[in-house]
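Student: Here you go, one structure.
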Amino acid sequence: MNRIVALMLGLLVAFASHAAGPRAVRKTVESSMLVTGWVLIATDGSISKLELDEPDKLPTGVLSLVEQAGASWRFEPLLIDGVARKARARMSLRIAAKKIDAERYEVGIRSGYFGEEAMTPEERLARADSIKPIAMKPPIYPESAWKVGARGTVYVVLKIGREGAVQELFAEQVNLQVIGSENEMDRMRDMLAKSALNAAKKWTFQLPAVGENAKEETWVVRVPVDFQFHGYQRPSYGQWDSYVPGPIRRAPWDTGFDSAQSPDAMIAGVLYDARNSLRLLTPLQPG
């Protein structure tokens, strides 16, 4: 069967549905792109500099949107031994565009992640104070999901114990790249989420060897799991992608969940250490 599951960043494919509801679902479709870079944070929590990755590949309107928003951001100051310090943090933003009418779109910053958890896989492997994967076998593409054309991304949150094994896990969000009725899409989300969670139960991790996090009893990480058909080519950096965003749910045991940092702003293929995120005190987009 021409199907594949990848642990990576998960245009929208129309799903032929005979049930009522697809027209209403189409109104929730978002075109979006992930914009990544760095923020330099001053001791008072303001942004002293914002650096975007490959700015020449980003639309002019998106560049202006992020730069204007960044000028208003203020983070909770980073304290080390009680003293506020400057910080340089990784950033990933989900820029979303919704169609207003035949000629106009509303573009805004839908969600974001800031902190060490937004490191690339290469950056993480070079750090002795970060949690790393040992075994992360991808899930099986469910037969029932494949038959109905279900595709999308499952955002999984995991609690890791001292032995490097998964203690708790939860699917926070499932974004789909197909359209059906609300009931059909709920079933597709459930199929993909169950497959991702069944695989994630067996994942193992190497715990931090040094640093403050090495003393923790548990670690909370987030991983995006992508379900795609063989041959699918995802839009490259700076190009628009489309999907139907699923509801965001909070794991009952994840008391450190930051509602300002949405799962779908995560960079694919990266482990997100929830404790290392920086707390944004102002809106992602003013006004």
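Student: Quickly work out the ASP44-to-SER236 label distance, labels modelled 7 Å from Cα along the C-beta direction, and quote it in nm with one decimal.
Tutor: 4.2 nm
Student: If you don't mind, there's one more thing I want to ask. What order do you get for PHE75, PHE114 when you list them from fewest to most C-beta neighbours inside 10 Å? Intermediate results must be reported in sequence, preceding the final value.
Tutor: Values: PHE75 21, PHE114 27.
Going from least to most buried by this count: PHE75, PHE114.
Student: Using amide H atoms built 1.01 Å from N in the peptide plane, name the residues 5+ places from SER111, or on other chains, whose amide H lies under 5 Å from its own.
Tutor: ARG94
Student: Can you list the HN-Hα couplings for the range 60-69, worked out from phi with the Karplus curve (6.51, -1.76, 1.60; θ = phi - 60°), rounded to whole Hz and with x for Gly and Pro?
Tutor: 4, x, 5, 4, 5, 4, 5, 5, 5, 5
Student: Could you please rank SER195, SER64, placing first whichever residue has the fewest other Cβ atoms within 10 Å of its Cβ?
Tutor: In increasing order of surrounding Cβ atoms, one gets SER64, SER195.
Student: Sort VAL210, VAL244 by Cβ crowding within 10 Å, fewest neighbours at the top. Could you put the intermediate results ahead of the total?
Tutor: On the way: VAL210 10, VAL244 23.
Fewest-to-most Cβ neighbours within 10 Å comes out as VAL210, VAL244.
Student: Turning to a different aspect of this structure: Hey, which of these cross-link pairs are over 30 Å Cα-Cα: LYS147/LYS202; LYS99/LYS137; LYS57/LYS98? Don't skip to the answer; put the middle values down first.
Tutor: Numbers: LYS147/LYS202 26 Å; LYS99/LYS137 38 Å; LYS57/LYS98 21 Å.
In this structure, LYS99/LYS137 exceed 30 Å between Cα atoms.
All of the numbers you see were taken from the coordinates with simple rules; none came from a lab. Keep in mind that this is a model prediction, so the values were computed, not measured. Cβ sites come from the backbone with ideal geometry, for glycine too, and all protein chains shown count toward neighbours.
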